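Just so it is clear, none of the values below were taken in a lab; they were calculated from the coordinates. Keep in mind that what you see is a predicted model, and the values were worked out from it rather than measured. In this analysis, Cβ positions are derived from the backbone assuming ideal geometry, glycine residues included, and neighbour counts consider all displayed protein chains.
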Amino acid sequence: MEIIICPDEARVARVSAAKIARVVAEVGPRAVLGVATGSSPVATYRELGRLVAAGRLDLSEASAFALDEYVGLAYDHPQSYHDTIRRTVTEPLGLSPHRVHVPDGAGDVQTAGERYEAAIKAAGGVDIQLLGVGANGHIGFNEPGSSLASRTRIKTLAPKTRQDNARFFSSIDEVPVHCLTQGLATILDARQALLVALGEGKAEAVAAIAEGPVTAMWPGSVLQLHQHATLVVDEAAASRLKLIDYYHQVQEFLPDWQELDL
Ligand code: F6R
């Protein structure tokens, strides 16, 4: 796993946007992006928007697949991930709405997982999956205890996740109990995984994911099995990493061809 420790959120955003832009440059304009909601990737989307506005990145032919969705919120509910992705990704980054996909939490949820897996496959798979991480180590909404072999399906949100996400709703009672989420094996199928984490509250999860055992108790640790996973974190989120000096050294002596265009 490559671990990039940045002095602040702005740098995290620049590095992760540059990684995504590089993938688009390599695979071409029809790249397939995996996108996350939540606060962690917001600055990265802003940075990608800046690259698009400057004419350095064109996502008009790209596709996108969101990681997850609440069950039972209307597509246009402001906290549904359908609406969140439209506001934060599709419109500002100039993607074509018909090429942006979110699990169908407002339709037939029993078949939604299979339909979503088929749509990802039909698009040729995800080229780069952007991820955040929960304080409990979840990626997507794969809560602790999730099967490492899981695929897109309905999950029950952990009480901690409902509490954490209550800030987006007027009360915790409004936070849905169920969600649809790409599984851990679905996420591992992406050709690259890029996880961003900010702040002290994520330090324990980041350390467990990067340096602990691969375990369903810290679902993000499954990324240790990925061939091409990168963690981009700020110093607070990196503060519990044991090999921190080594990670800094790797970046200091990065071979030329791996240098990002920042
Ligand atoms: C969102 C998602 C979640 C979040 C995680 C962190 O689509 O899949 O795993 O990435 O809950 O959320 P923030 O970034 O708000 O701390």
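Please work out how much length the chain gains when fully extended from residue 215 to residue 248, using 0.36 nm per residue of separation minus the C-alpha to C-alpha distance, in nm with one decimal. Working shown, then result.
Details: separation 33, 0.36 × 33 = 11.88 nm, distance 2.60 nm.
Extra length available between residue 215 and residue 248 comes to 9.3 nm.
For the chain, what proportion of DSSP beta bridges, expressed in % and rounded to the nearest 5, is antiparallel? Around 30 percent antiparallel, to the nearest 5.
Summed over qualifying helices (DSSP H, 4 residues or more, each -39500 (n - 2.57)) and divided by its residue number, the chain shows a 222 nm mean residue ellipticity of -9500 deg cm²/dmol. Counting charges near residue 230 (Lys, Arg +1; Asp, Glu -1) among other residues having Cβ under 13 Å from its Cβ returns a value of +2. By the combined test of axial Cα extent (at least 15 Å) and Kyte-Doolittle hydropathy (mean at least 0.0), the qualifying DSSP H helices of the chain come to 9-27, 42-53.
List the relative contact order of the chain as a percent without decimals, with contacts defined as Cα pairs under 8 Å and 6+ residues apart. Normalised by residue count, the contact order of the chain is 25 percent. Residues considered: 239, 171, 96. Largest GNM mean-square fluctuation over the chain, using C-alpha springs under 10 Å, is found at 171. Packing here is the average count of other Cβ atoms within 10 Å per residue, and on that basis the peptides 60-69, 178-187, highest first, run 178-187, 60-69. Of the chymotrypsin sites (Phe, Trp or Tyr not before Pro) in segment 198-262, the ones in a loop by DSSP (not H, G, I, E or B) with at most 15 other beta carbons within 10 Å are 253. For the chain, which longest stretch is free of loop sites, where a loop site is one of the trypsin sites (Lys or Arg not before Pro) that DSSP puts outside H, G, I, E and B and that has at most 15 other Cβ atoms within 10 Å? Here the longest run is 57-241. Shape of segment 121-225 from the C-alpha gyration tensor: oblate (a/c of 1.5 or more and a/b not above b/c, with a ≥ b ≥ c the square roots of its eigenvalues). When only alpha carbons are used to place a centre, segment 56-99 and segment 141-212 end up 18 Å from one another.
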